[in-house]
Amino acid sequence: MPDIMGRMDIAFPHLNIYLENVPKNFSIFGFSIAWYGVIIGIGFLLALLFIARIAKNTGQNPDDYWDVAAYIIVFSILGARAYYVFFAWDYYKDDPISILNIRNGGLAVYGGVIAGFLTMFIYSRIKKKSFLMMTDTIMYGLLLGQVIGRWGNFTNREAFGEYTDGLFAMRLPVEMVRSGEITELMKQHMDAATNYIQVSPTFLYESMWNLALLIILLIYCKHKKFNGEIILFYLGGYGLGRAWIEGLRTDQLLIPGIGLPVSQMLAIGLIVFSVVANIIVRIRLRGKEAKSWPSK
């Protein structure tokens with residue numbers, strides 16, 4: 001069996017996968033670049049290309065999406081960072097300058113999505129475009145970006161869950177993860193001789209969940225009944241997966257004073273909103289269709 005305990009190694013022992021050198025950074029001309037940022041950047045680029053393709057196929061102008069892309073990228077990153085820092089303030093309060101360092105992770109998906117929605121809303125109002133149609137189109141790219149972007153957590157050794165000995169169990173050297181994310185259960189199962197922890201790869205679960213959701217929405221898109229329907233399916237589908245996955249994670253952001261996982265509570269709220277909004281819209285559409293039927 002390969003030595004899985006090298007400082008830069010990651011292993012999935014039950015899948016017989018042993019990666020001997022998975023660096024967090026690489027160097028170009030002496031400048032250190034984080035794989036986390038590269039993977040996020042690749043996710044953004046492929047998402048934009050995908051959105052432009054969807055827009056063209058649905059009779060929209062792809063240039064509208066390229067125009068708003070720069071704003072969405074900037075404000076989504078700021079929103080993702082602000083959300084994370086707000087709910088992890090105890091970690092940053094003694095070293096505020098570290099807030100500017102996103103090379104080591106610390107971007108919350110929900111914060112980025114919220115900021116992206118607000119940016120898209122403002123842009124659509126200024127340009128007099130359909131907000132619901134544009135966000136429906138963007139949802140496909142957003143999901144693709146999330147599928148890819150989650151692998152930045154892989155190289156950073158973060159966004160993992162509690163100890164498991166299941167099929168997808170992932171082993172990490174203790175020195176490569178933040179000490180605050182190592183639970184008592186992980187310590188109990190830690191091999192003192194090799195000094196590794198074995199965890200649930202929740203980043204992988206979420207990436208695969210988003211991929212499945214993306215495939216479902218692409219299949220369903222031809223049956224779309226109203227603008228905004230894809231958004232609601234995304235919110236409900238993503239919320240359903242996130243509510244489950246967030247319960248497994250050891251790096252949960254908690255609501256101050258309450259102690260409940262903020263992302264899990266928000267996910268449940270999104271599920272409820274999606275279901276209720278879908279029902280209301282469909283009832284109204286049926287009512288309009290009934291009024292349009294010719295009387296006998």
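The values are calculated or read from the model by the stated rules, or taken from the named source; none is laboratory data. Predicted, not measured: the structure shown is a model, and the values here were computed from it. Note that we place each Cβ from the backbone using ideal geometry, even for glycine, and neighbour counts take in every protein chain shown.
Tabulated data for the structure shown
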{"quantity": "Residue in the stretch 114-135 that is surrounded by the fewest Cβ atoms within 10 Å (Cβ to Cβ), counting only those that are among the charged types (D, E, K, R) and part of a loop (DSSP other than H, G, I, E, B)", "calculated": "Lys128"}
{"quantity": "Set Glu184, Glu175, Glu162: member being among the charged types (D, E, K, R), in contact (Cβ under 8 Å) with a residue 24 or more places away in the chain and surrounded by fewer than 14 Cβ atoms within 10 Å (Cβ to Cβ)", "calculated": "Glu175"}
{"quantity": "Number of positions in the stretch 188-220 that are over 24 Å from Gly106 (Cα atoms) and part of a helix (DSSP H, G or I)", "calculated": "10"}
{"quantity": "Within the stretch 44-90, considering residues that are surrounded by 17 or more Cβ atoms within 10 Å (Cβ to Cβ) and over 21 Å from the mean Cα position of the chain (by Cα), the one nearest to Leu100 (Cα to Cα)", "calculated": "Asp64"}
{"quantity": "Any hit, the stretch 250-261, residues being within 15 Å of Gln146 (Cβ to Cβ) and either small (Gly, Ala, Ser) or touching a Phe, Trp or Tyr at 6+ places or on another chain (Cβ under 7 Å) (or both)", "calculated": "no"}
{"quantity": "Residue tally, condition assigned to a helix (DSSP H, G or I) and touching a residue at least 40 places away in the same chain (Cβ under 8 Å), over the stretch 247-270", "calculated": "3"}
{"quantity": "Some residue of the stretch 40-47 being in contact (Cβ under 8 Å) with a residue 60 or more places away in the chain, of a type outside the set (Val, Ile, Thr) and over 27 Å from Gln252 (Cα atoms)", "calculated": "yes"}
{"quantity": "Candidate set from the stretch 92-114 (those that are touching a residue at least 12 places away in the same chain (Cβ under 8 Å) and within 21 Å of Gly259 (Cα to Cα)); member that is farthest from the chain's Cα centre (by Cα)", "calculated": "Gly106"}
{"quantity": "Any hit, the stretch 115-124, residues being among the β-branched types (Val, Ile, Thr) and in contact (Cβ under 8 Å) with a residue 60 or more places away in the chain", "calculated": "no"}
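Okay, residues lined up against (1) among the β-branched types (Val, Ile, Thr); (2) within 30 Å of His14 (Cα to Cα); (3) at pLDDT below 85; (4) surrounded by 11 or more Cβ atoms within 10 Å (Cβ to Cβ):
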| residue | (1), (2), (3), (4) |
| --- | --- |
| Ala212 | no, yes, no, yes |
| Leu217 | no, no, no, yes |
| Gly228 | no, no, no, yes |
| Ile245 | yes, yes, no, yes |
| Ile258 | yes, no, yes, no |
| Ala267 | no, no, no, yes |
| Ile271 | yes, no, no, yes |
| Arg282 | no, no, no, yes |
